[in-house]
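Handing you this structure, nothing more for now.
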Amino acid sequence: MLDLRNLSVGYGNGTLALSGADLSIAAGQRLLVCGAAGSGKTTLLQAAAGIIPRLVRPDTISGSIELDGQPVRTVSKDSLFQTIGLVAQAVEDQVWDLSVEDLIAFPLENRGVGRAEIRARLATLINGLELHDLKGRRVLTLSGGERRMVAIAAALAAAPRLLVLDEPTTGLDPAARQRLLRSLATFGAEIPSLLIAEQDAAAIAPAINEIALLASGVLSSLQPKAGLMADGAAWTDAGLLPPFRRQAAAKVYPLGRTLLCVKKLRTALQRPTGRPVLEEIDLTIRAGECVALIGRNGAGKTTLFQSILGLAAVTGGTLAIGGADAGGWTAARRARSIAYLPQIMRRILFNMTVLQEVTFAITASPVMPKDPAILEKAETALAAYGLSGLAQTNPFALSTRQQALLGLACAEASGAALAILDEPLLARDLNGKRLLDRFIDGACASGRAVLLITHDLELAAERAGRVLLLDEGRITYDGDTIAAWRSPAYRALGWPEPRFLAQTEWHHAAS
C-alpha cells in the first residue's frame, strides 16, 4: 500500500530529521514507531501521510514515497487525503470552533455525502468512541484529551485505508486511553492499516503487532511486538525508557513555608448543568515539594491552574501566594511568583530570540538587558538545558522538544517560587527525563516547589511526594502518593490499576 524507500528529510539547520528510512505498510498491518522526543517521529509520519512533500516542503528530501505504487507527488490531494487519515500530535492545529458533531461530520460533508448517511456515521462514531457526553459541545471548550478523541473520530469518519496517529495518548487520562484502544478494536475492520508514533509503547501495545525504533533519524527494521517489548537494552540504546522497568518511590525533600494556599475556590465558568466547574477547592503547596494533580479529561485541571494564575474568573474563595493575599493581584504580578509551562509551549512564546525569552522570564521586560549578571544568568540556564547554541534562534524555529526545554530554562532562570508543569512532554525519553528530573530536583532542593499536572501515573508516582485528585469539581484526595493508588477516590475514577503497583521495588518502597 505505502512504501517509503531510503527517505531522507532535512530542514534549514543542515541536520537530517530522517536518514535513509525504509518502511512498507501493507493492508492489515498495525505498526508502532517509538523514538525519543526529537528523533524524527513526526517527520516520518508526515511523510507517510503525504503532508511531506505535498503540504510541507523540507529543505532537503531524497528517496521515494509511493502510495499503491504511484509516487505520492503525483497522487491528487483529494485521493491522497481520502486514503490516509492523520491525527497530529498538536491536535489543536486540526480543530476549529465548531460543535463536536460538525467537526466529525466535516470530512463527509466536504465530500458531498448525503445527510442521512452522515447522521448514521455520526451515531456510529459517537457510540464507538464513547463520546456521548460531548454531544452539542463546542470543540474549543473541550479539554485537550477530549479534543484528541474528537479529532480521531473525524479522522475515522471517511474510513481511510491508512490511519496515522502521532502520539495519540498525549493528554488522555487512563480511562480515555482504554477507550481509544477499544475504539481501534471496534473500528478495526474499517481501518485496513494503522501507523502510530508513540513514546509510551505499553500504553498502545494492544492495538499493534510490530514495532520499529527511531533514533536520531535512523529507523530500525520492524520487529514483532512481544520480543522487542521485553528487550530493555534495545529501548535504552534508542534513548527511551523501557516499557517495563522497575520504579522507585519519589524523592522527598524537607518542607518549608507555604507558597500557595487556596481555600474554598469557586469558578465563574460553569458546566452545561449550571454547576461551577470547580467549587470548594482547598489546596496548599509548600516549599520543597513536588505535587501531582491528576483527574479525568474535562475534570477542571486547566481551569484550576488558570484560576491560580488569574486567567479564569472566580466567584468565591481566597488565594494566598507566599503568605500574601493575592486575590487582587493581576495575572502579570502572579506570574512573578508562579511560572507556567503549558504542554504546547508555543502558546506563550513571543520574543524574537531564545535568549530574549529567558531574559524576559527574569526581568518581565521585552527589552534586551545590558546588565552582564542578567545575561550570564540567562545563558547559564540555556546551557543547563542544552540550548546554548540556539540563543539567537527564533523560538518558533525550535522543535517541540526544544521549546519544552526552553520552558524549563525560563522557569529556572526566573526563580519563581512555584512552577506549574502541564503534561510535560519530556518524561519518556532518557535525556528528556534527566533534564526534567534536574529541574524538579533543583526546584525542591532550593526551597521552591512544582505542581505537576499529568495523566502519566508513572511520572506522578516517581516524582511527586503528594497527589491531588480532582473529580466532580472538588479535590477528592490530597495525600501520600503511595496510598493514592489504593484510595477510594482513585477507584471512583474507574481507572485501571497502575501497572507499576505490581513491581517489587515499588512495594518495597511502600512498606
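The values are calculated or read from the model by the stated rules, or taken from the named source; none is laboratory data. Predicted model only: the values in this text are computed from it and were never measured. No Cβ is skipped: glycine too gets one built from the backbone with ideal geometry, and neighbour counts run over all protein chains shown. Please note that ligands, DNA and RNA were not included when accessible areas were found on the heavy atoms of the full protein model with its side chains. Shrake-Rupley method; radii C 1.70, N 1.55, O 1.52, S 1.80 Å.
Rounded to the nearest 10 Å², what accessible area does ARG434 show when all protein chains are kept and the probe is 1.4 Å?
Around 130 Å² of this residue is reachable by solvent.
In debye, nearest 20, what is the charge dipole magnitude of region 1-141 about its Cα centre with +1 on Lys and Arg Cβ and -1 on Asp and Glu Cβ, if you could check?
100
Hey, another quick one. What size of dipole, in debye to the nearest 20, comes out for region 86-173 about its Cα centre when the only charges are +1 on Lys and Arg C-beta atoms and -1 on Asp and Glu C-beta atoms?
Dipole size: approximately 380 debye.
On average, how much accessible surface per residue is there in the chain, in Å², for a 1.4 Å probe, leaving out ligands, DNA and RNA?
41
At a threshold of 8 angstrom on Cα-Cα distance, excluding pairs fewer than six apart, so keeping six or more, what relative contact order does region 433-478 reach in percent?
Worked out over region 433-478, it gives 20 percent.
Specify which residue in the list ILE285, LEU16, GLY295 is farthest towards the positive end of the charge dipole of the chain, using unit charges on the beta carbon of Lys, Arg (+1) and Asp, Glu (-1), about the Cα centre.
Sorting the options by dipole projection puts first ILE285.
Pick the calculated Rg/Rh (Cα atoms, Kirkwood Rh) for this structure from (i) 1.04; (ii) 0.96; (iii) 1.01?
Only one option fits the structure, namely (ii).
Solvent-accessible area of SER388, probe 1.4 Å, all protein chains present, reported in Å² to the nearest ten, please.
Surface open to solvent at SER388 totals about 70 Å².
Please get the size of the charge dipole for the chain, origin at its Cα centre, with Cβ charges of +1 on Lys and Arg and -1 on Asp and Glu, quoted in debye to the nearest 20.
With only Lys, Arg, Asp and Glu charged at Cβ, the dipole is about 780 debye.
Carbon and sulfur together cover what percent of the accessible area of region 375-511 at a 1.4 Å probe radius?
On region 375-511, the fraction of accessible area on carbon and sulfur atoms equals 52 percent.
Divide by every residue of the chain the summed helix terms, -39500 (n - 2.57) for each DSSP H run of at least 4, and state the resulting mean residue ellipticity at 222 nm, rounded to the nearest 500 deg cm²/dmol.
-9500 deg cm²/dmol
Relative to the longest principal Cα axis of the chain, at what angle does helix 174-186 sit, 0 to 90 degrees, rounded to 10?
Orientation of helix 174-186: about 10 degrees from the principal axis.
With a 1.4 Å probe and every protein chain kept in, tell me what percent of the accessible surface of region 92-240 is carbon plus sulfur.
On region 92-240, the fraction of accessible area on carbon and sulfur atoms equals 51 percent.
In the structure shown, do any of LYS41/LYS301; LYS301/LYS433; LYS41/LYS433 have a Cα-Cα gap over 25 Å, and if so which?
Listed pairs above 25 Å: LYS41/LYS301.
What does the charge count near LEU459 come to, summing +1 for each Lys or Arg and -1 for each Asp or Glu among other residues with Cβ under 9 Å from its Cβ?
Cβ neighbours under 9 Å give a net charge of 0.
Right, here's the next one. Compute the distance from the alpha-carbon center of region 293-333 to that of region 173-233, in whole Å.
37
Rounded to a whole number, what % of the accessible area of region 1-55 do carbon and sulfur atoms account for, probe 1.4 Å?
So the carbon and sulfur contribution to the accessible surface is 48 percent.
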